[in-house]
1. For A:Gly73, which of the numbered conditions (1) modelled with pLDDT under 95; (2) within 13 Å of chain B (Cβ to nearest Cβ) fails to hold?
2. Is it the case, given these coordinates, that A:Asp2 is under 17 Å from A:Thr203 (Cα atoms), away from ligand 2 (no atom under 16 Å from the Cβ) and acidic (Asp, Glu)?
3. Would the range A:48-63 turn up any residue that is within 16 Å of ligand 2 (Cβ to nearest atom), more than 14 Å from every other protein chain (Cβ to nearest Cβ) and among the β-branched types (Val, Ile, Thr)?
4. Only residues that are over 13 Å from B:Ser266 (Cα atoms), surrounded by fewer than 15 Cβ atoms within 10 Å (Cβ to Cβ) and under 29 Å from the mean Cα position of the chain (by Cα): list them for the range B:25-64, please.
5. Kindly provide the set of residues from the range B:195-250 that are at the interface with chain A (Cβ under 8 Å from one of its Cβ atoms) and in a loop (DSSP other than H, G, I, E, B), ordered by number.
6. Residue check, A:Gln92 against (1) free of Cβ contacts under 8 Å to residues at least 60 places away in the same chain; (2) within 26 Å of A:His148 (Cα to Cα); (3) within 16 Å of ligand 2 (Cβ to nearest atom), all met but one. Which one?
7. Would you check which residues across the range A:11-42 are away from ligand 2 (no atom under 16 Å from the Cβ) and farther than 21 Å from A:Pro233 by Cα and list them?
8. Is there a residue in the range B:132-142 that is modelled with pLDDT under 90 and in contact with a helix residue (DSSP H, G or I) (Cβ under 9 Å, 6 or more places away or on another chain)?
Amino acid sequence: MDRLVEIRDLRVAFDGVPVLHGIDLDVAPGEALGLVGESGCGKSVTWLAALGLLPAKARVTGSVRLGAGELVGAPREALETVRGKRIAMIFQDPSSALNPVIRVGRQICEALRLHRDLRGAAAKAEAIRLMEMVGIPDAPRRFDLYTHEFSGGQCQRLMIAMALAGRPDLLIADEPTTALDATIQAQILELLARLRRETGMATVFISHDLGAVAQICERVCVMYAGRIVEAGPVERLFAHPRHPYTRGLFDAIPQMTGPRRRLVPIPGTVPDPRALPPGCAFAPRCTRAHDACSRARPDLLAQPDGRTLACAYPVPEARADSFSMERAMT
Amino acid sequence: MLRFVALRLARALATVIAVMTFAFVVLRLSGDPAQVMLGPDVPQEAVEAFRRSWGLDAPLWQQYLAYLGAIFRGDFGVSMRDHSPALALVLERVPATLQLTIPALILKLGLGIPAGVYAALHRDSLIDRGVILLAVAGFTIPSFVLGLVLVLIFAVTLGVLPSGGSGTWVHGILPTLTISIGGIGVLARFSRSAMIEVMGQPYIRTAAAKGVKWRNVVRGHALPNAAVPIVTLVGFMVGSLIAGAVVVETIFSWPGIGRLLIVSVSNRDLAVVQCILLLIAAVMVVSNLVVDLLYGALDPRLRAQPTT
Ligand SMILES: Nc1ncnc2c1ncn2[C@@H]1O[C@H](COP(=O)(O)OP(=O)(O)O)[C@@H](O)[C@H]1O
Ligand SMILES: [Mg+2]
């Protein structure tokens, strides 16, 4: 497989507390990859670390390769040419992620000047084109407005327009719809899917909502407590989740036709990175855990069906259905 | 926008009138100018005559209305001490005070804000800790203590600067330093926390994620946001250009407004004290007004909704 980004053994520690324990992850050109897991599992930190956006107290080791270049430990100047240009990132809570005292049009123009050397009228025309492309109505007039004059959903569209300004090879969308209500959420997902079709840029879609991921991604990585626990093609994981954590996430998805809700269905919470359980970090919350699970941590291993999995007692492949009965009885 | 400005202007005027009224009443209730001016042993008739000639025998409300009427005609009264117009006496002292407070303001802004911003950007570094320490020391030491310490060091021990008086710019150095050090400390602390707050905001991370160079993230994205709270404090400092030197002028016998105020209060020289308080109030109110208008210019969110 030809790779755009290659992450190897990426580790992050804050003040000596490890929160990312060695992530291996590849992104192929044009691919749509989902990254799921409950809040605090290390999804954001993975990509903030890759782009060098973590605070100075964070210690990052391992490797993130982009083409021939290594990003971990790269000088700030080198990272500044990657950010926005090769890899763009958009964030949760778009209303506070845009600068409140700078006109939105100028914020987009700034990216155009940095990455495409466009200035003046040319930059303005291109910014307006981008605003229209992401679905901002009446863009020429609204070019001069400020963030507080837009709704949350429109702010996220503006963020996306700004991210597109550099024509990146990869867009990291970090929970872009979490702060938005359901209909707007669906529109933004639709927009991201359309833009990927039209521009061919790869997308990493970070979410704790497996349903949203399934909607726009081809491949999905499930993270738990700073590790990847299961990864593979979306349909395969959707049809037969094998890690009990993945299974728990899927069980929590409401009917695709019904209203979507926030999912915290698995009993218990994500462990504090300062007090990780020994062995498999999920064991204390796992209905399938055996004694051995809290002694030895299972490695992430390739499975014959093309997925990777880190579980000593996974949901049996063929008997996924009987598992749900078994679960229903416990 | 017009409504907003009109509202602010009305409020400013109301504030000035409130200060005038308060000063008028308190001054008249707190002591008898006749006693102070004439001394304790003068005959009763002389006191009565003095009161009549200054209109102090009329009921308070009549005196007050007369005073207000005169103010609106541009008549600020006459000093009881040397019978010259109070306004002229006061205005004559303004340049001397500004000679101290304007350089002090420049020092406060020029040192306080950069020190605070630098400390915020190098949080927890040695320099940051040093800035905090100096800042806290700067604004906790009262200015009369600071003034005396500076005199002790530079005038008494080293003998390089005069301990008081006026005439040359050298005389202004110690008083200016004394006035500015507290303000530098306050402004450094305040700018530091404003900047730390802003640097933690999501839009700063967005700017960095978009490839903006670090220097421009600070300059173009962080500073314009940090300026909003800092301007409030600076406005307050501008407002005290006239009133901020009372203690220091007294310590260094500097012939400014502050000394005039102290002398006039102890003489119960009503017109002069009222005139000074009016000037102080007017300067504060005007600088507040400018800050309010600047807010709108700095932060678009505050433009549409005038807060009251
Ligand atoms: N700036 C930071 N300082 C200290 N800890 C952090 C910081 N950012 C993230 N963490 C910790 O790292 C872990 C992973 O966080 P994150 O990647 O944000 O989770 P999520 O999967 O929800 O995106 C969490 O335990 C979080 O508390
Ligand atoms: Mg996150």
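1. So A:Gly73 meets the others, but not (2).
2. Details: under 17 Å from A:Thr203 (Cα atoms): yes; away from ligand 2 (no atom under 16 Å from the Cβ): yes; acidic (Asp, Glu): yes.
Yes.
3. In the first step, residues of the range A:48-63 are kept if they are within 16 Å of ligand 2 (Cβ to nearest atom); the result is A:48-51, A:53-55, A:58.
Going one step further and asking which of them are more than 14 Å from every other protein chain (Cβ to nearest Cβ), we end up with none.
Within the range A:48-63 (the criterion being within 16 Å of ligand 2 (Cβ to nearest atom), more than 14 Å from every other protein chain (Cβ to nearest Cβ) and among the β-branched types (Val, Ile, Thr)), the answer is no, since none of the residues qualifies.
4. Within the range B:25-64, B:Val25, B:Val26, B:Leu29 qualify.
5. B:Gln201, B:Lys210, B:Gly211, B:Val212, B:Lys213
6. (1)
7. Filtering the range A:11-42 down to residues away from ligand 2 (no atom under 16 Å from the Cβ) leaves A:11, A:13, A:15-18, A:21-22, A:24, A:26-32.
Correct list: A:Arg11, A:Ala13, A:Asp15, A:Gly16, A:Val17, A:Pro18, A:His21, A:Gly22.
8. Filtering the range B:132-142 down to residues modelled with pLDDT under 90 leaves B:139.
Now restrict to residues that are in contact with a helix residue (DSSP H, G or I) (Cβ under 9 Å, 6 or more places away or on another chain): B:139.
Scanning the range B:132-142, I find at least one residue that is modelled with pLDDT under 90 and in contact with a helix residue (DSSP H, G or I) (Cβ under 9 Å, 6 or more places away or on another chain), so the answer is yes.
The values are calculated or read from the model by the stated rules, or taken from the named source; none is laboratory data. Predicted model, so just to flag it, every value in this text is computed and none were measured. Every residue, glycine among them, receives a Cβ derived from its backbone with ideal geometry; neighbour counts consider all protein chains shown.
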